[in-house]
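Below you'll find the structure, written out as structure tokens, and then a few comments.
The values are calculated or read from the model by the stated rules, or taken from the named source; none is laboratory data. These numbers were taken from a predicted model, which means no experiment stands behind them. A quick note on method: Cβ atoms are made from the backbone with ideal geometry, for glycine too, and the neighbour counts reach across all protein chains shown. These area figures cover heavy atoms from the full protein model, side chains too; ligands, DNA and RNA do not enter into them. Shrake-Rupley method; radii C 1.70, N 1.55, O 1.52, S 1.80 Å.
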Amino acid sequence: QVQLVESGGGLVQAGGSLRLSCAASENIFSINNMGWYRQAPGKGRELVAAVNSGGNTNYADSVKGRFTISRDNAKNTVYLQMNSLKPEDTAVYYCNAEIRLTSWTIIQDYWGQGTQVTVSS
């Protein structure tokens, strides 16, 4: 069973930076879109940033210019560099990947376990 293993969350002061990583746990055939979502207390899960297999990216308006998503296809890993963090960025961050395990299986959605990001004012 494929797992997405996240790392890099933590506590940081406003204006600081964090880098999140998310790696697939075993060999897989291919990954389409990869992305980061977040969920703040009492709110729904929202898309933060996504990157497709061609490297094209899109961002939530609230993070444009501050966050950068990237991926390393050789390592089946997606990153989220977060700069100029604000208290409103505080949330649990989840990575997501659309994975095809083998050439004959369908694409399935996988989620990481979530990592807490807390930004103090």
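Taking the alpha carbon gyration tensor of the chain, multiplying each eigenvalue by 5 and rooting it gives semi-axes of 26, 14, 12 Å, largest first. Here's the picture: charge each Lys and Arg Cβ at +1 and each Asp and Glu Cβ at -1 in the chain, and of A24, P87, V5 the one pushed furthest to the positive end of that dipole is P87. Could you tell me the relative contact order of the chain? Use alpha-carbon pairs under 8 Å, at least six residues apart, and round to a whole percent. In percent, rounded to a whole number, it is 36.
Comparing Cα centroids, region 58-72 and region 89-121 end up 15 angstrom apart.
Among F67, F29, the sequence by solvent-accessible area, most first, with a 1.4 Å probe is F29, F67.
If you take all other residues with their beta carbon under 15 Å from the beta carbon of Q39, and give Lys and Arg +1 and Asp and Glu -1, the sum is -1. So which residue, out of S103, S62, S25, gets the largest mean-square fluctuation from a GNM of the chain using Cα contacts under 10 Å as springs? Fluctuation is largest for S103. Within a straight-line Cα-Cα reach of under 18 Å, K43 can be paired with the following lysines, leaving aside sequence neighbours fewer than 8 residues apart in one chain: K86.
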